[in-house]
Amino acid sequence: MILGLGRQLARKGVLGINQRNADFILTHNPRSLYPRVDDKWLTKQLAVQAGMPVPELYAVVQIQHQVRRLAEQIRDYPDFVIKPACGAGGDGIVVVAGRMKTRYRKINGMLVDQGEMQHHVSNILSGMYSLGGRTDKALVEYRVQFDPVFERISYQGVPDVRIIVFRGIPVMSMVRLPTRLSDGKANLHQGAIGAGIDIATGQTLTAVWRNEIVTEHPDTGNEVSGIQVPFWDEQLRMAAQCHELTGLGYLGVDLVLDKEKGPLMLEMNARPGLNIQIANSAGLLPRLRLVEQHHEGLHDIDQRVVFAKEHFGFK
């Protein structure tokens, strides 16, 4: 029965994890280039050098004795985000939405004092949230004020747009919407919703929540489909540019929409997940094979974006 299901999914063009790893990640992503996306500090530096907009970096804590200076470094910022540079799956990220005297108010309303914040940063440095448990760095950066277009279909946190890019061509996309279950984080593994986005138009499609197709946000009750994502062409161009930025052939690019700053590149992933296929009710494999056939004739970013919109839209 499992074999029959596998054949059925293959006929629909669904990309499985083993094939993703063998045919696309191992083949098109040299291991030597992984630090460019696994280390968010390095990713941010590369993006800034290329002129790509990113959330402003306020501070970097690299060693334990710097932890005590954290309060001084961020005293002028009423809100901010602390994250591990080499974290995965959204773990270790703390979003501070305001202050009350000497304490920090997290986005869920919980108050933490200076000692608790320092302890959390120390845990980040120790590698508690990093890939493979390696020692890490803590980044303190601008807290994105998300575009109001997503206000009716998001709970507390900041939605982000994930675009899968192959050979510099955007092939599939979704917007990840925080929920109460995900504690306001835009991470599918923690309970966020993923709503597919039509590559051609930038409009939201069906959505996946905990591996199930849904039509409404579980916390707001509002429809998640039919929403026009602003600055869509600009986001496609930014995602396509990340191919040159990293040298990786197959990657996921995460973007956020700030209500004043517009699209910002948040981070990249050399091993993007596959639930995006459920969110789009479409398989990745036919799109990837089409790119393999035509990518050599597409020499610049605008050509690659036009190709994506012409071939990967929902008609």
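The values are calculated or read from the model by the stated rules, or taken from the named source; none is laboratory data. No experiment lies behind these values; they were computed from the predicted model shown. Because the Cβ atoms are built from the backbone with ideal geometry, glycine has one as well, and the counts that use them run over all protein chains shown.
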field: Candidate set from the range 25-60 (those that are under 18 Å from V144 (Cβ atoms) and β-branched (V, I, T)); member that is surrounded by the fewest Cβ atoms within 10 Å (Cβ to Cβ)
entry: V48
The range 138-189 - residue that is charged (D, E, K, R) and out of contact with any strand residue (DSSP E or B) (no Cβ under 6 Å at 6 or more places or on another chain) and, of those, nearest to F24 (Cα to Cα): R167
field: Qualifying positions in the range 121-158 - closer than 21 Å to C86 by Cβ, in a strand (DSSP E or B) and not aliphatic (A, V, I, L, M)
entry: S130, E141
statement: Within the range 159-181, residues in a loop (DSSP other than H, G, I, E, B) and crowded, with 23+ Cβ neighbours inside 10 Å come out as P159, G168, P178, T179
task: Output the residue which, of all residues in the range 239-266 that are of a type in the set (A, V, I, L, M) and more than 13 Å from the chain's Cα centre (by Cα), is surrounded by the fewest Cβ atoms within 10 Å (Cβ to Cβ).
output: L245
Members of the range 206-219 found to be touching an Asp or Glu at 6+ places or on another chain (Cβ under 9 Å) and of a type outside the set (G, A, S), listed by number: T215, E216, H217
task: Would you please name the residue that is nearest to Y155 (Cα to Cα), looking only at residues in the range 191-212 that are surrounded by fewer than 17 Cβ atoms within 10 Å (Cβ to Cβ) and touching a residue at least 60 places away in the same chain (Cβ under 8 Å)?
output: N211
message: For the range 76-94, give me the residue count where each residue is out of contact with any Pro (no Cβ under 8 Å at 6 or more places or on another chain), modelled with pLDDT of 90 or more and closer than 19 Å to T43 by Cβ.
response: 6
query: Among all residue pairs at least 6 apart or on different chains, which show Cβ distances below 7 Å where the first residue, located in the range 249-260, is of a type in the set (V, I, T) and the second is crowded, with 23+ Cβ neighbours inside 10 Å and part of a loop (DSSP other than H, G, I, E, B)?
result: V256/V158
task: Inspect the range 155-164 for any residue being more than 24 Å from M238 (Cα to Cα) and at pLDDT below 90 and give the result as yes or no.
output: yes
statement: Of those in the range 113-144 that are under 25 Å from M265 (Cβ atoms) and of a type in the set (D, E, K, R), the residue farthest from the chain's Cα centre (by Cα) is R134
